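Report on one structure; see the data block that follows.
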Amino acid sequence: MDATDRKILTLLQVDASLSIAEIADRVHLSQTPCWKRIQKLEAQGIITGRVVLVSPEKIGLGLTVFVSIESGDHSKEWLETFASAIVAIPEVMDVYRMAGDVDYMLRVVVADMAAYDEFYKRLISVVPLKNVTSRFAMERIKATTALPVPPATKNPRDRSAA
């Protein structure tokens, strides 16, 4: 991936609705080579999808909760059951397996405390959990989906990283 590919990724992360002509103009390419680069980034799995971002508050999802989970069971079977159940719960936006004193961290978005209580009851019915700690967000100061695309590294053996 060269510097031009990285510029394309940065542009698309900010606004995936940009036309090929607009992207090509901004990265100083003609449209066909620009389109081919985007197709290649998709084929390589670097671009994994294109989405519309929605304001949670404007659709009635005003409560964000960070849920820390400690498991008393670390077996493969427990993890498979937990993972398949948790990915099926629509309120769960992110799930991370953690290192340290917490085993899993979830970001959950719900309408209000009553909706969170319903979610919590479903969560604890999935598999046995040692400890569940909920932290309620009071204010979202920054939220982004755009990754900071690092610059191309210069490797004397790799002429494509320019």
Picking from 81, 144, the residue that is among the hydroxyl-bearing types (Ser, Thr, Tyr), outside any strand (DSSP E or B) and either touching a Ser or Thr at 6+ places or on another chain (Cβ under 7 Å) or over 30 Å from residue 17 (Cβ atoms) (or both) would be 81
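Which members of region 33-79 meet the condition of being under 24 Å from residue 1 (Cβ atoms) and among the polar types (S, T, N, Q)?
39, 44, 48 - these are the residues of region 33-79 that are under 24 Å from residue 1 (Cβ atoms) and among the polar types (S, T, N, Q).
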Per the filter on region 1-59, residues in contact with a helix residue (DSSP H, G or I) (Cβ under 7 Å, 6 or more places away or on another chain) and on the phi > 0 side of the Ramachandran plot are none
Picking from 95, 109, 149, the residue that is among the aliphatic types (A, V, I, L, M), in contact with a Leu (Cβ under 7 Å, 6 or more places away or on another chain) and outside any strand (DSSP E or B) would be 149
Taking region 1-48 and keeping residues in a loop (DSSP other than H, G, I, E, B) and more than 22 Å from residue 144 (Cα to Cα) leaves 1, 2, 28, 29, 30, 44
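Do we have any residue at all in region 60-71 that's in a loop (DSSP other than H, G, I, E, B), surrounded by 10 or more Cβ atoms within 10 Å (Cβ to Cβ), among the hydroxyl-bearing types (Ser, Thr, Tyr) and touching a residue at least 40 places away in the same chain (Cβ under 8 Å)?
yes
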Within region 41-51, of all residues that are over 13 Å from the mean Cα position of the chain (by Cα) and without any contact (Cβ under 8 Å) to a residue 12 or more places away in the chain, the one surrounded by the fewest Cβ atoms within 10 Å (Cβ to Cβ) is 45
Yes or no: residue 15 loosely packed, with under 13 Cβ neighbours inside 10 Å, charged (D, E, K, R) and farther than 24 Å from residue 154 by Cβ?
yes
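Computed from the coordinates by the stated procedures, all read-outs in this text should not be read as laboratory data. Bear in mind the structure is a predicted one, so any value in this text is a computation, not a measurement. Virtual Cβ from ideal backbone geometry, glycine too; neighbours counted across all protein chains shown.
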